[in-house]
1. Whole number please: convex hull volume per residue, Cα atoms of region A:82-162, in Å³.
2. Put a dot 7 Å past each Cα toward the Cβ at A:ALA123 and A:GLU19; how far apart are the dots in nm?
3. Shielding by partners for A:67-80, please: the mean number of other protein chain Cβ atoms within 10 Å of each residue's Cβ.
4. Using bins 10 angstrom wide from zero, how does P(r) for chain A break down, in % of all Cα pairs?
5. Please tell me the relative contact order of chain B in percent, rounded to the nearest whole number, where contacts are Cα pairs under 8 Å and at least six residues apart.
6. Suppose each label sits 7 Å from its Cα in the direction of the beta carbon; what would the A:ILE80-A:GLU116 distance come out to in nanometres?
7. Whole percent per 5 Å bin, from 0 to the bin with the longest distance: what is P(r) over all C-alpha pairs of chain B?
8. List the residues of region A:92-131 whose backbone N lies under 14 Å from a point placed 7 Å from the Cα of A:TYR154 along the Cα-to-Cβ direction.
Amino acid sequence: MLAAFAWIEQTRPSLFMREDFSAYFIVLIFHAWGMAFLVGGGMAVSLRVLGVAAASPLERFAGFYPVMRVGAALAIPSRIALLVGYPAKALTNWVFALKFVCLGGAAWLVWRMRVELFPLVEAARALPARARWMAGIALLLWVAGVCCGKLLLYTSHMLTVS
Amino acid sequence: MSGAGWVRRMTADIGEFGLASGANAVMNTAWGWPIAECVHFVGICLLIGTVGLFDLRMMGAVHGPSLPTLHRMVPWGVAGWLLCLASGAMFVLAAPFEYVENPAWVIKMVLIALAGVNMVIFYRTVASRVRHLPEDAPVPLAARVVAVVSLASWLGVMTCGRVITAFRPLIE
C-alpha cells in the first residue's frame, strides 16, 4: 500500500498539489465552502425534523437539497485533490475513514428523510416517532464528521511516503 | 507611539490576558487546539446552514420554506456564530502574534464587521417587510442586496480563515 502511495506522490497532479502554493489553498477554500453548504444544509433539515421552525412545512425544505448537492460537488472533488496531494497522510489514518463513515451515514439519513418523511407530510400524515431519531442521529453524525475532518491534522502518522 | 508599535503593544497585552485568563494554558493542552478547531467549524456549518440558506432563499437562488418561517432558524445561526466567536477568541488569546499582524485575519475581522453592519441595516430597514412577506411573494430588492452582501461576507470570512496559515508572520 505504501508503494502505491509513493507512486501517487510522484505523479504530476500530486506534485502540483504539494508544490503549487495557490493550488493547495484554493482547493482548501473550495473544500471548506462545500463542507459548509453540505453539512449546514443537512443540519438545517435535521433541525427542522427535530421541531425547529415547526411552522414551516417540512416538504418545502426539499428546496435545500440542491444546495447540499452543490456543497457535495465542491467538497468531494476538492477532497480527492487533497488526497492526491497527500495520499499517505489521509489513507493511513483511521480518523479519515471515520470521517467518511460519519458523513456518508449523515447524508444517507438526510436522503432517507427526503424519500420517506417528505411524502408523508405531503400526504398530510403524521411523522413516525423514528423521524426524530433519524434527525438526531444525522445531526450527531454531521458534527462527528466535521470533527474528524478537523482532527486529521492532529492524528495523522505521516505526511508523505517519499 | 507608531502604528506598528501600537499593534505590537496590543498583541503583547492580548498575550498577557491569554496567560492570566488561563486560555493559553487550556489551548496548550494536547486537545485544546483541536477541540477549538472542531467547535469553530461546527459553528460555521450552523451559520451557513441557517443564515447562509436564509440569504440564498432571500436572493431567490433556492426555493424552500417561506422567509418568515425560515427566519425562525436564524437563532441557530447566532448560536453557530457564538461558537465561532468563543473558539476564535481562544485561538487569538493563545497565540496573538499569529493573528493580530496577519493580513488574512485582519481582512477576516473586517468582513465579520461588514456582515454585522449589514445585519443591522437589514433589521433596521427591510426585516419587518420580509417577516410579513406572503408565501412565494417577490422579495424586495433591498433584501436581496442585503442577502448578497451577507453571503459574500461569510464566504469571504471562511476564505480568509483558510489562508490564515499561509500568512502567519514570522516570529522574531
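Quick note: the coordinates plus some simple rules give every number you see, no bench work behind them. Computed from a prediction, not measured in an experiment: that's the story for all the values here. Neighbour counts are summed over all protein chains in view; Cβ atoms, including those assigned to glycine, are modelled from backbone coordinates with ideal geometry.
1. 82 Å³
2. 6.0 nm
3. Per residue, the number of nearby Cβ atoms from other chains is 1 on average.
4. 11, 35, 28, 16, 9, 2, 0
5. Result for chain B is 30 percent.
6. 3.0 nm
7. The calculated distribution, bin by bin, is 1, 8, 15, 19, 16, 12, 10, 8, 6, 3, 1, 0.
8. Only A:95 fall inside the zone, counting backbone N under 14 Å.
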